[in-house]
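All remarks here apply to the structure that follows.
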Amino acid sequence: MISLRIPQELERKLDSLAKSKGKNRSEIIKDSILEYIKNHSSEKTPFDLGQDLFGKYSAGDRNLAKNRKDLLKEKIGRKNEKRRSN
């Protein structure tokens with residue numbers, strides 16, 4: 001068991017949050033400690049750290065990196081066809 005002293009203002013905020021979430025103080029503090037440990041663990045890889053950013057602006061094509069030259073040729077070809085038809 002851990003005993004903890006916190007400033008009154010922080011205690012009021014904790015009580016307010018706990019009430020709004022339908023939890024008690026201990027649950028909020030346990031969740032906070034677990035989240036802190038998760039976010040500050042030294043076991044994270046660079047991929048883990050940036051995972052929420054990968055694909056954020058995705059084109060929806062998983063092979064885009066592999067097929068970029070072919071896709072670019074197709075796109076330029078279609079653009080040139082449109083110019084010729086005008």
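Taking 35 Å as R0, compute the FRET efficiency from the Cβ-Cβ separation of Gln8 and Leu53 and round it to 0.05. All intermediate terms of the calculation are to be shown ahead of the outcome.
Values: r = 39 Å, r/R0 = 1.10.
So, using R0 = 35 Å, E works out to roughly 0.35.
If the chain linking Asn39 and Lys79 were pulled fully straight, counting 0.36 nm for each residue of separation and taking away their Cα-Cα distance, it would gain 9.7 nm.
Can you tell me the 0 to 90 degree angle between the C-alpha axis of helix 25-39 and the longest principal axis of the chain, rounded to 10? Once rounded, the angle reads 40 degrees. When the chain is treated as a Gaussian network with alpha carbon springs shorter than 10 Å, the biggest mean-square fluctuation among Asn63, Asn24, Asn39 belongs to Asn63.
Largest first, what is the accessible-area ranking of Ile2, Ile29 with a 1.4 Å probe? The partial results should precede the final answer.
Numbers: Ile2 145, Ile29 60 Å².
Correct descending sequence by accessible area is Ile2, Ile29.
Applying D = kT/(6 pi eta Rh) to the chain, where Rh is the Kirkwood radius over alpha-carbon pairs, T corresponds to 10 °C and eta to 1.306 mPa s, the Stokes-Einstein value obtained is 86 µm²/s. Between 0 and 90 degrees, rounded to the nearest ten: what's the tilt of helix 8-21 against the longest Cα principal axis of the chain? It is inclined by approximately 60 degrees.
The values are calculated or read from the model by the stated rules, or taken from the named source; none is laboratory data. Note that the coordinates shown come from a computational prediction; the quantities given were computed from them, not determined experimentally. No Cβ is skipped: glycine too gets one built from the backbone with ideal geometry, and neighbour counts run over all protein chains shown. Keep in mind that these areas ignore ligands, DNA and RNA; they rest on the heavy atoms of the full protein, side chains included. Shrake-Rupley method; radii C 1.70, N 1.55, O 1.52, S 1.80 Å.
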